[in-house]
Structures are given as C-alpha cells and as structure tokens.
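So the structure is just underneath, and the comments pick up after that.
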Amino acid sequence: MRVSIRVRPGASRTRVGGQHAGALVVAVGARAVDGAATEAALAALADALGVRRRHVRLVTGATSRDKVVDVEGLPDVDLADRMARLLAG
C-alpha cells in the first residue's frame, strides 16, 4: 500500500498522527541532515503501523518533507484501518 507522509524534522518528540494536505504527519527529533530525518520517519511509521522497518520503503521524496512510502507486511484491510486511526490524530 502506498502512503503519503509529511515529515516534520527537529520535533521535541517523535509522533505519528494527524494530517497535512491529506498526508500523514510524522514528527521526528532528527534533523534533516544526511537523510537522518527520513530514516527516523520511516522507523517511526513502521513502529506506529506495527510492521518491521524493512517493510517500509521510500518510493519518492528523499530530500523533501513530502514523501511517498510503500508499506508491506500486513493485509491491506488492516493497514487501511491503522492508517485511518493515525490520520484522525
């Protein structure tokens, strides 16, 4: 399943939830230097969805706050339900 996320680097704590322009917001403490924020966001998303980090793969947006990721490891029905709860905040 493809998921659009909006990364907010430099946050005081890691948080996954809410939305910005239809994308799931992932706030991470890591700074946007050398891909640290992207890696932290992918790990946080995997944790929030209950999948292993290797099941979350960056598709586009390596240097952008707006990213598209591919998530595997769960049936699409379960994944859609978890995404809906996270988007609700």
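The values are calculated or read from the model by the stated rules, or taken from the named source; none is laboratory data. From a predicted model like this one, the values you see are computed outputs, not experimental measurements. Ligands, DNA and RNA are stripped out before the accessible areas are found, and what is left, the full protein with its side chains, is counted by its heavy atoms. Shrake-Rupley method; radii C 1.70, N 1.55, O 1.52, S 1.80 Å.
Annotations
- Segment 33-89: relative contact order in percent, alpha carbon pairs under 8 Å with at least 6 residues between: 26 percent
- Most simply put, the chain has about 75% antiparallel DSSP beta bridges, counting only bridges with both residues inside it.
- Percentage of interatomic Cα-Cα distances in the chain larger than 17 Å: 40 percent
- Spatial offset of segment 48-66 relative to segment 14-28 amounts to 13 Å, using the alpha carbon center of each.
- Dividing the summed helix terms, -39500 (n - 2.57) for each DSSP H run of n ≥ 4, by the number of residues in the chain produces a 222 nm estimate of -9500 deg cm²/dmol to the nearest 500.
- In the full protein context, the chain carries 57 Å² of accessible surface per residue, based on a 1.4 Å probe and ignoring ligands, DNA and RNA.
- Carbon/sulfur fraction of accessible area - the chain, other protein chains in place, 1.4 Å, %: 47 percent
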